[in-house]
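The values are calculated or read from the model by the stated rules, or taken from the named source; none is laboratory data. What you see is a predicted model; the values in this text were computed from it and never measured. With ideal geometry, Cβ positions are generated from the backbone for all residues, glycine too; neighbour counts draw on all protein chains shown. What goes into the accessible areas is simple: the full protein's heavy atoms, side chains included, and nothing from ligands, DNA or RNA. Shrake-Rupley method; radii C 1.70, N 1.55, O 1.52, S 1.80 Å.
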Number of protein chains: 6
Amino acid sequence: MYSVTVRGHMMIAHSLRGEVFGPAQQLHGATYVVDVEFRRADLDADGIVVDIGRAAESVNAVLGALSYRNLDDESAFVGRNTTTEFLARVVFDRVVAAIGNGALGDGGGAIESIKVTLHESHIAAAAYEGRVHGAI
Amino acid sequence: MYSVTVRGHMMIAHSLRGEVFGPAQQLHGATYVVDVEFRRADLDADGIVVDIGRAAESVNAVLGALSYRNLDDESAFVGRNTTTEFLARVVFDRVVAAIGNGALGDGGGAIESIKVTLHESHIAAAAYEGRVHGAI
Amino acid sequence: MYSVTVRGHMMIAHSLRGEVFGPAQQLHGATYVVDVEFRRADLDADGIVVDIGRAAESVNAVLGALSYRNLDDESAFVGRNTTTEFLARVVFDRVVAAIGNGALGDGGGAIESIKVTLHESHIAAAAYEGRVHGAI
Amino acid sequence: MYSVTVRGHMMIAHSLRGEVFGPAQQLHGATYVVDVEFRRADLDADGIVVDIGRAAESVNAVLGALSYRNLDDESAFVGRNTTTEFLARVVFDRVVAAIGNGALGDGGGAIESIKVTLHESHIAAAAYEGRVHGAI
Amino acid sequence: MYSVTVRGHMMIAHSLRGEVFGPAQQLHGATYVVDVEFRRADLDADGIVVDIGRAAESVNAVLGALSYRNLDDESAFVGRNTTTEFLARVVFDRVVAAIGNGALGDGGGAIESIKVTLHESHIAAAAYEGRVHGAI
Amino acid sequence: MYSVTVRGHMMIAHSLRGEVFGPAQQLHGATYVVDVEFRRADLDADGIVVDIGRAAESVNAVLGALSYRNLDDESAFVGRNTTTEFLARVVFDRVVAAIGNGALGDGGGAIESIKVTLHESHIAAAAYEGRVHGAI
């Protein structure tokens, strides 16, 4: 199995509902340093997993649409806790959707699975990984 | 698959028996920067893999019980080489036992697998990963 | 010159006023991974720059008083832009004040200068460094 | 599953053919920081996955044979794009061949799978992982 | 003293002349992960050292003009060894020139000194630091 | 000012005497990831601060003479606490002595100052920096 990973980041505000979150129930924020790993069994004719330039653009577009926002005000997340693991899934779903819309070109169809990791500090991270086809 | 990873560390002395270890047969020591990754298929009602505060406490309790010690003197390790890979398994087993004892609350039962990685320097690491149920 | 550096972090929400900030004028947030470096010319009788345990406690107390908050609502920062460089100075001032209050014990008086670095992502950081005596 | 990972690096020049590579079609270069992860189900009698000294030597020998070269001039790569993912496979194949030649001793035969990751910058990496037996 | 640091990277090919360079006399290449630190004594009215967006753009423009090239063919470097330390100075000089040309706006004039660090691998780096005024 | 930094590591056992050290009074150990930064005002005729190959060899020789040992048994350290900051000075002194003995060649004489940083974990480090001439 081959993979290519690109890194970006987003900076958001949010609050979390539920006693389990302790002080994180208050409005606060986070920088998420985000790694998106694209996987497929074989390389294409150019010898690549994916056009890394387009992959980076797609990831940055997904992160840009979330960054510099208060996620508590986003209609897409009403009634949901925007935990790190939940956001890993959001990024996964949106990258998969971008692939479906051709953002990675024809080669995007060969991507089998994706892992999205959000590093929220030097001591904590969360991730979601899944298959691309039938993922949403 | 979702995951949450927490990082801690321990500082220990030990020696290793066997020609393969070369100078590491002498009493020396190591800092292990330890990543413990908790995995499960779905998020709970709060939108999390695990209460990250309790997870960090559990990991730090396991590491604290090993840290600032000469592992050559620990009765638990008599006759064993406390290699990095062996210690990764020790941490895994003890975190799994803590889950069994309710350290992560009810949600701990949903953890399917755990990966424990010990970074011993900037150029070497070892890991153990396994399923939680039936692990010990 | 000797130094000891301890690392902690804080997670905050805020917004910044001024066209120069572009989308960061919106309410958003950040994780700051914070390095505090304590410097002095000579070691004490124990062979240390500072009791690293007390230093870490002091730094974490300073960071804890800022973390999990919306800095736009903090009375201490009314009328100020809580930029990364401004917050580096805030942490510096508060650590210096803690030293003045004896948080590092008698040895704290020997600390000559401090550098506080806030890493806001994998591609950006800000810092403030200054002398301890007469600093505030 | 246990694993041991060793890190090395290589510094190479190359160019890539195909419009997808944009400016990387020009002769340029890269430092690849390389992680090689060796995996097996059980530890040997010494409590290890592999003799980490021999593993590091083998990895460094493989990287040394590629480093400080213009890969466009290497007969082994005629007609191939030496992309990061392609080179991850090259390193994998050569480490597997070294194991076959006894570079890791008898214990090398117990290695089940290997993952080779090449970090080409702070924001991009590629990897190849596969089973050792029947790999080439 | 305050500072802001931005990170970028460049990927180049080159060779070095002189026995001291051993195998690096052959055409090879490197990824340089580059940190540029801007320093000044006081913050401006917005509470910043520099407009970090413009600073990042300026740094990336300087790095972009060097990246994806064979430095042996660059007329600017004829007769010079493009060592890591030499390139740190080149980046410093070009960032200083950009400031002189107004790339950082009026605030650029307040930058007192700059440090440029080039990380060429996980085990080696070089840097140049100097004052901005009268630097070239 | 130019600088070149090389990284190595050492793994040692030791104990520390004094209540301030808490559990670190027990025999334990550490991995120190060590950065040695060599500084000088100008580059030599080859365009370098120092022959990085010889610099790395010298640093590794110094670290090798400390590694895989119980520092409590070293005659050089009788009656001393081998704290991280103390060991940073030991490495500094030994690198300076190696320069005096010609380990870096003629160019070593041009090194003005050196900074030695020992990272003992992901959250703590200590350093010593000083001028080379008249340092011991």
Cα centroid distance between the stretch F:1-32 and the stretch F:67-121, in Å?
12 Å
For the protein assembly as shown, restrict the atom set to alpha-carbon positions and state the Rg and Dmax in Å.
25.8, 70
Nonlocal amide H pairs with residue D:70, under 5 Å, H built at 1.01 Å:
D:13
³J(HN,Hα) across the stretch C:38-52 via Karplus (A = 6.51, B = -1.76, C = 1.60, θ = phi - 60°), whole Hz, x for Gly/Pro?
9, 10, 7, 6, 9, 7, 7, 4, 7, x, 10, 7, 6, 5, 5
List the lysines whose alpha-carbon lies under 22 Å from that of residue F:115, not counting same-chain residues fewer than 8 positions away?
C:115, E:115
Vicinal HN-Hα couplings computed from phi for the stretch F:6-19 (Karplus, 6.51 cos²θ - 1.76 cosθ + 1.60; Hz; Gly/Pro x)
10, 10, x, 7, 9, 10, 10, 10, 5, 9, 10, 9, x, 4
Say a label goes 7 Å from Cα toward Cβ at residue D:109 in every copy; what distances in nm does this one have to the rest, shortest first?
4.6, 4.6, 6.0, 7.1, 7.7
Kirkwood hydrodynamic radius, computed over distinct alpha-carbon pairs, for chain E: how many Å, to one decimal?
15.5 Å
Please give the peptides F:42-53, E:80-91 ranked by average Cβ packing (other Cβ atoms within 10 Å per residue), highest first, as a rough proxy for protection.
E:80-91, F:42-53
Heavy-atom accessible surface buried between E and C, both sides counted, 1.4 angstrom probe, nearest 100 Å², is 1200 Å²
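Order E:65-71, C:34-40 from most to least packed using the mean count of other Cβ atoms within 10 Å.
In descending order of packing, they fall as C:34-40, E:65-71.
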If we sort A:11-24, D:15-28 on the protection proxy, mean other Cβ atoms within 10 Å, highest first, what's the order?
A:11-24, D:15-28
Using only atoms on other chains, find how many Cβ atoms lie within 10 Å of each Cβ of peptide A:86-92 and report the average.
2
Residue-averaged beta-carbon neighbours from other chains (10 angstrom radius) around A:72-81:
1
Cα-based helix-to-principal-axis angle, F:84-100 vs chain F, degrees rounded to 10
30 degrees
Using the Karplus equation 6.51 cos²θ - 1.76 cosθ + 1.60 (θ = phi - 60°), what ³J(HN,Hα) coupling, rounded to whole Hz, does each residue of the stretch A:122-130 give in order, writing x for Gly and Pro?
6, 10, 8, 8, 9, 8, 9, 10, x
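Could you provide, to the nearest whole Å², the per residue accessible area of chain E with probe 1.4 Å?
Heavy-atom SASA per residue in chain E reads 38 Å².
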Just tell me how shielded F:52-60 is by partners: mean number of partner chain Cβ atoms within 10 Å of each residue's Cβ, no decimals.
2
Within the accessible area of the protein assembly as shown (1.4 Å probe), percent carbon and sulfur
47 percent
Scan chain E for the residue whose Cβ is closest to the axis carrying it onto chain A, then write down that distance in whole angstrom.
E:7, 6
How large is the dipole of the protein assembly as shown about the Cα centre if only Lys and Arg carry +1 and Asp and Glu carry -1, each at its Cβ, rounded to the nearest 20 debye?
0 debye
Under 5 Å between amide H atoms, partner at least 5 residues away or on a different chain: which partners does residue B:16 have, H built in plane at 1.01 Å?
B:25, B:26
